[in-house]
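Below you'll find the structure, written out as structure tokens, and then a few comments.
The values are calculated or read from the model by the stated rules, or taken from the named source; none is laboratory data. Note that the structure is a prediction, hence the values are computed from the model and not measured. So basically every Cβ, Gly included, is an ideal-geometry build from the backbone, and we count neighbours across all protein chains shown.
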Amino acid sequence: MGLEEYLQLLEGKGFQFGEDAIGFIYFGKQYTDASDELARTALELTLKAQKRFDGSFYVSLLEMFKSNQITTRAEALKFIKEKNILAV
């Protein structure tokens, strides 16, 4: 599932993203050269941790993934759990 489809799925579940938030989600993905899989994972973790979209938290997660050479959802979840960044 691509990032666009994931955003549509979330909106179908009641999450509301303004144009600015959607633009920032794609900006963060491009800025960190993240895959759709990592962008989806960072977005999911951001929503779980913050209960809303927080752009700086989202980009921080993507930057952490990149600097630690994390390329898959499984690696990202393992990293988050090992570093006690948030309860997953």
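Looking for something at negative phi, without any contact (Cβ under 8 Å) to a residue 12 or more places away in the chain and among the basic types (Lys, Arg) - is there at least one such residue anywhere in the stretch 25-47? For the stretch 25-47, residues at negative phi, without any contact (Cβ under 8 Å) to a residue 12 or more places away in the chain and among the basic types (Lys, Arg): absent. Checking each residue in the stretch 1-40 for being within 12 Å of the chain's Cα centre (by Cα) and acidic (Asp, Glu) picks out ASP36, GLU37.
Selection of helices (runs of 4 or more DSSP H) fully inside the chain by the criterion of at least 1 residues being exposed (fewer than 13 other Cβ atoms within 10 Å of the Cβ) and modelled with pLDDT of 95 or more returns 3-12, 19-32, 55-67, 73-82.
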